[in-house]
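Notes follow the structure.
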Amino acid sequence: MLLLLAVAAEGRAQALDVSRLDGDPVPARILAGDFDADFVPLGDGRALSERETGVHWWRITALEAIPASSDPLLVLHFPYLSRVEAWRPGDRAPLRRALMGADADLAHSARAFFIPLPQGLERGQHVDVRLHAPTPITIGVSVESAAWSHRRDLAYAGWRAVILSTMLVLAVLALGFWAGIGERAYAYLMVTLLCQVLYLATLGGDLRIFPGLAGLLSGDPRAGRVFGFLALATSNGFLGHFLELRLRQPRLLRALQACSGVALLLAALAVFSLSPYVALVGNLVILASVLLVLFASVSGSVRGQRAARFVLISWLPLMTLVTMRVLQLLGVWDGPYWLAYAYPAGFAVAGLIITVGLADKMHELRRDRDQASHMASYDALTGASSRPVIEDLLKAGVDEAHKSGMPFSLVFFDIDHFKRINDTHGHRVGDECIRIVSLRVRNRLRTYDQIGRYGGDEMVVLLPCTGLREAVGVAENLRSAVNSRPIAVDGAVVDVTLSLGVAELQPGESPGQLLERADAALYASKSAGRDRVIGHIRPMLRERGARA
C-alpha cells in the first residue's frame with residue numbers, strides 16, 4: 001500500500017474538465033458538434049460518476065496543454081465491468097476498451113482503461129467517451145506518461161497477486177483443516193474465501209488470463225453478483241458459527257441467517273436478471289449484515305469472548321471498507337482513490353487474521369478437551385489414574401505379558417482402619433491421608449509402574465516385567481514408605497499403615513482373575529493383623545469381606 005500511495009504522490013495532476021451528456025445520440029452527431037451545448041460540466045475533472053446504468057456520453061477536456069513528448073495516456077481508473085468507446089481529436093473510429101473480452105488491452109494491467117494520446121492535447125481539446133455502465137460506478141480520470149503508467153501497472157499487478165494468492169492459500173489451508181479435523185467452521189471459511197477470490201477476480205478483470213471465460217463474463221455483472229452474494233451468505237454462516245451465536249445470541253443469529261437467505265435468493269435471481277434492483281437490495285443486505293456482525297462482535301468482546309475480539313480486529317477494517325464501497329456504489333459519495341486498492345486488501349487481511357483466530361479457537365477447544373480428558377483419566381484427590389484408566393492399563397498389561405511371556409504382577413492395598421481415621425479426625429484429614437499415602441507410594445515406584453485409585457482408600461499398582469518375589473519386595477518398600485513416619489494434618493498426627501496383597505499373572509489368566517487373587521491376598525493380610533504384605537500364589541476364589 002505504501003508503494004501505491006508513493007506512486008500516486010509522484011504523478012502530477014493534470015487540469016481536466018469533465019462534462020456529461022444525458023442520453024445516447026448517434027456518434028456522428030456528437031463528433032459533428034450537434035450536442036456541444038448539451039454537455040453539462042460537473043465541475044470536477046477527477047471522475048466519471050455514473051449513477052445510472054446504460055449508455056451515456058462523457059467529454060473530457062484539457063484545461064491546459066498536454067505535450068506529446070511524454071507519451072501521455074488518458075487513464076480511466078478501475079472501470080470494472082464497464083466498457084468505453086473513446087474518440088480522440090481527429091478520430092473517425094472509436095478506440096474500444098474493456099477489461100475482458102475482445103476489447104481487453106493486454107498491454108496494460110487491469111487497473112484502468114488506457115487511451116493513448118500520441119498527439120497530446122491542446123488546451124481546450126477533448127476526448128469523447130461513450131460509457132457502457134452495467135452498474136452505477138465512479139471511474140477516476142487522470143493523465144499519465146507511458147513510463148509512469150508502466151511503473152504503476154507493475155505495482156498494481158504485484159499488489160493484486162499478493163492479495164489473491166494470500167486468499168487462495170488461506171482457502172487451501174482451511175480445506176486441509178476441514179478435511180483433517182472435520183470442523184465445519186473451516187468449510188465455511190474455505191467457501192467464503194473462494195467466493196471472495198472469484199468476486200474480486202471477476203470484477204477486477206483478473207480472469208482475463210482465461211480468454212474463453214473472460215469473453216463469457218465480459219461486461220456481464222451477473223457472475224460477479226452471484227459470487228458476491230454467495231460470499232456474503234457463507235461469510236455470515238461462518239461468523240455465526242465462529243461467534244457461537246446459537247448459544248450466545250440466538251436472536252442475532254436468526255437475523256444473520258435471514259440476511260444469508262436473502263443473499264442466496266439474490267444469487268439465484270442474479271443468474272437470470274440484470275435488474276439494478278438486485279444490486280440495490282444486495283447492497284442493503286450487505287449493510288445490514290455488517291451492522292449485525294459489528295454488534296455481535298462488540299457485545300461478545302465486552303463479555304470477554306476471544307473469538308469476538310478476533311472478529312472485531314479482523315472484520316472492523318473490512319466492514320468499514322465494505323460500507324464505504326457500498327455507499328460508493330449506491331451513489332451516496334464518490335469515495336477516495338485508494339479505496340479501490342484497500343477494498344480487496346481488506347478481504348485478504350481479514351481472512352488472514354480470522355484464520356489465526358480460528359486456529360486460536362481450535363487450540364482453546366483442544367486445551368479444554370485435554371483438560372477434560374486429564375480430569376477423566378486422573379483422580380482429582382491423589383493424582384493417580386482413575387479406576388477406568390487403571391482397568392484399561394491392567395487389561396493392556398495382561399495382554400502384553402501373555403504375548404511376550406514376561407512376568408507381570410499386581411499390588412492391591414488400602415489404608416488400615418481408614419474408617420476410624422475418618423470418624424476420629426473427620427473426612428478432610430482422611431482425604432489428606434489418602435493424598436499423602438498416594439504421593440509416598442508414587443515416589444517409590446519405577447517410571448514404568450502404574451498406580452491407580454480403585455475406590456475409597458483402595459489402590460492398585462501395576463508392575464510390568466516383575467515376578468512375585470520382586471513384586472513382594474516392591475510392596476514392602478511401599479509399606480515402609482508409608483508407615484515410616486506419621487501424617488500431620490491440621491494439628492492432627494495420624495499413624496498410617498498399609499495392608500498389601502500381591503499376585504503374579506498366571507498363564508491364561510484374565511485381568512479380573514489376577515485382580516481377584518491380589519484382593520484375596522489383601523484380605524489375608526488384614527486377617528493376619530494388618531501392616532504387612534502377603535503374596536498370593538494359588539488361584540483362590542472368595543467373596544470379598546467387609547474391611548475396617
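No value in this document is a laboratory result; all are computed from the given coordinates. Treat the numbers as computed from the prediction; the structure is a model and nothing was measured. Reconstructed Cβ throughout: ideal geometry from the backbone, glycine too, with neighbour counts over all protein chains shown.
Structural remarks
- 3J(HN,Hα) from dihedral phi, region 194-208, Karplus parametrisation 6.51/-1.76/1.60, rounded to Hz, x for glycine, proline: 5, 5, 5, 4, 5, 4, 5, 5, 6, 6, x, x, 5, 6, 6
- Distant-in-sequence amide contacts of ALA112, defined by a placed amide H-H separation under 5 Å and a gap of 5 or more residues or a different chain, comprise PHE78.
- Shape of region 68-125, Cα gyration tensor, a/c cut at 1.5: prolate
- Taking packing as the residue-averaged number of other Cβ atoms within 10 angstrom, the listed peptides 223-234, 444-455, 400-411 run from highest to lowest as 223-234, 400-411, 444-455.
- Phi to ³J(HN,Hα) by Karplus 6.51 cos²θ - 1.76 cosθ + 1.60 over region 184-191, Hz, x for Gly, Pro: 5, 4, 5, 5, 4, 5, 4, 5
- With both labels modelled 7 Å from their Cα along Cα-to-Cβ, the LYS403 to THR424 distance reads 4.8 nm.
- Computed 3J(HN,Hα) for region 239-245, one whole-Hz value per residue from the Karplus formula 6.51 cos²θ - 1.76 cosθ + 1.60 where θ = phi - 60°, is 5, x, 6, 5, 7, 6, 5, glycine and proline marked x.
- Around VAL398: net Lys/Arg minus Asp/Glu count, Cβ-Cβ under 12 Å: -4
- Positive minus negative residues near ILE163 (Lys, Arg vs Asp, Glu; Cβ under 14 Å): +1
- For GLN125, the amide hydrogen comes within under 5 Å of the amide hydrogens of ALA62, counting only partners 5 or more places away or on other chains and with H modelled in the peptide plane.
- Other-chain or far-sequence residues with amide H under 5 Å of GLY535's (modelled H): VAL502
- Each label was represented as a point 7 Å from its Cα along the Cα-to-Cβ direction; for ALA528 and VAL172 these points are 7.0 nm apart.
- Tensor-based shape of region 181-281 (alpha-carbon gyration tensor, a/c under 1.5 rounded, otherwise prolate or oblate): oblate
- Cα-Cα pairs of region 2-151 separated by more than 24 Å (percent): 27
- Annotation for LEU439 and ALA107: the two label points, set 7 Å from Cα along the Cα-Cβ direction, are 8.5 nm apart.
- For ARG453, net neighbour charge (Lys/Arg +1, Asp/Glu -1) across residues whose Cβ lies under 13 Å away: -3
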